[in-house]
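Structure first, then comments.
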Amino acid sequence: MSESSLYIGRFAPSPSGPLHLGSLVAALGSFLQARSQNGKWLVRIEDIDPPRELGGASALILQQLQEHGLTWDGQVLYQSQQSARYDAILARLADAGQSYSCQCTRAQIKAAGGHIRCAGPREKSGPAAIRFLNQKPVHGFTDRHLGNIEVGPELAEEDFVIRRKDGLYAYQLAVVADDIEQGITEVVRGADLLEATVLQIALYHALGAVAPSWLHLPLAVSKPGFKLSKQNHAPALQGRQALANIRQALAILGFGKELLADFDQVDSLLNWAVANWHISRLPRHREVQLELSSH
């Protein structure tokens, strides 16, 4: 494989708490996809929202990945250290007339039935968000697992926030900026971010960049519509249960449980999983329901 065609994937958790089984599925799926193609697998800490972050979570997340045999390439990128680059992109969009200030409140947006294009007066002072002027909206894309995805105009045509009213950088801006900076060739992540992909593709186009390919993994849910998450108090991954955790995550990704029972070491199981990984293994639906065992 030549350097120009090197696969580069990533796992990009936010440090709002420790990793749980749902985040392990996303990490493992992106890891297997990269390693099966002899590509690079990067880790990025998306720490741009201090009010939601838990002290020590970034270090704990990296420790949990290592305990589960998921070793990454290169240096970990921390979004909190990328302000100059984000500011340069915001300035570039502003200079090109591709963004504007917006002082609408959540109540105003809700009353208007959603925020597609800001129609309110532009105040001269006071805090304001910056929105991307979505003049060439993207209404669909191809997911490598789920096929053609079409998104309604209420989302696809939204002028989405790229810097929040409190001055913090918005997720949509930072994730696209960093995927471009790190040369990500394919984004592998949970299906909860499926529809928002069209907004990110629109921003790629505005920045003159080629969007990566997309692969959205099924979500681990405790019941339909309730994904395992920090907000839902999913239990943190324990290193002493790494082998059982990897087995459970592989089962969610479509590996038959009978294939996983013979392995008694994390490394040997991961090596086998890399050699036997293929997208076609993935369940054809967006959620996999499971019963969480209590420890």
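Assorted remarks:
- Screening residue 44 with (1) in contact with a Lys or Arg (Cβ under 7 Å, 6 or more places away or on another chain); (2) free of Cβ contacts under 8 Å to residues at least 40 places away in the same chain; (3) under 15 Å from residue 189 (Cα atoms) gives one miss only, at (2).
- Considering residues of the stretch 251-270 that are under 18 Å from residue 21 (Cβ atoms), modelled with pLDDT under 95 and part of a helix (DSSP H, G or I) only, the residue nearest to the chain's Cα centre (by Cα): 252
Okay, residues lined up against (1) open to solvent by less than 20 Å² (accessible area, probe 1.4 Å); (2) at pLDDT 75 or above:
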| position | (1), (2) |
| --- | --- |
| 226 | no, no |
| 229 | yes, no |
| 240 | no, yes |
| 244 | no, yes |
| 286 | no, no |
| 289 | no, no |
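- The criterion of at least 2 residues that are farther than 26 Å from residue 109 by Cβ and of a type outside the set (Phe, Trp, Tyr) is met by the following strands (runs of 3 or more DSSP E) wholly inside the stretch 157-217: 186-190, 213-217.
- Every condition in (1) touching a residue at least 24 places away in the same chain (Cβ under 8 Å); (2) part of a loop (DSSP other than H, G, I, E, B); (3) not hydrophobic (A, V, I, L, M, F, W, C) is met by residue 63 except one, and the failing one is (2).
- Extreme residue, least open to solvent (accessible area, probe 1.4 Å), among residues of the stretch 1-26 that are under 21 Å from residue 211 (Cα atoms) and assigned to a helix (DSSP H, G or I): 26
- Residues located in the stretch 176-198, provided they are open to solvent by 30 Å² or more (accessible area, probe 1.4 Å) and hydroxyl-bearing (Ser, Thr, Tyr): 185
- Residue ID - farthest from residue 202 (Cα to Cα), chosen from residues in the stretch 106-133 that are open to solvent by less than 70 Å² (accessible area, probe 1.4 Å) and either in contact with a Ser or Thr (Cβ under 8 Å, 6 or more places away or on another chain) or modelled with pLDDT of 75 or more (or both): 126
- Some residue of the stretch 55-73 being among the small types (Gly, Ala, Ser), open to solvent by less than 10 Å² (accessible area, probe 1.4 Å) and within 24 Å of residue 243 (Cα to Cα): yes
- Residue, surrounded by the fewest Cβ atoms within 10 Å (Cβ to Cβ), within the stretch 39-54, restricted to residues that are part of a loop (DSSP other than H, G, I, E, B) and hydrophobic (A, V, I, L, M, F, W, C): 54
- Top-ranked residue in the stretch 262-279 [being out of contact with any Phe, Trp or Tyr (no Cβ under 8 Å at 6 or more places or on another chain) and without any contact (Cβ under 8 Å) to a residue 12 or more places away in the chain; ranked as least open to solvent (accessible area, probe 1.4 Å)]: 268
The values are calculated or read from the model by the stated rules, or taken from the named source; none is laboratory data. All figures in this text were calculated on a predicted structure; none of them were measured in a lab. Glycine also receives a Cβ, built like all others from the backbone with ideal geometry; neighbour counts cover every protein chain displayed. Side chains are part of the model used for accessible areas, which takes the heavy atoms of the whole protein and leaves out ligands, DNA and RNA. Shrake-Rupley method; radii C 1.70, N 1.55, O 1.52, S 1.80 Å.
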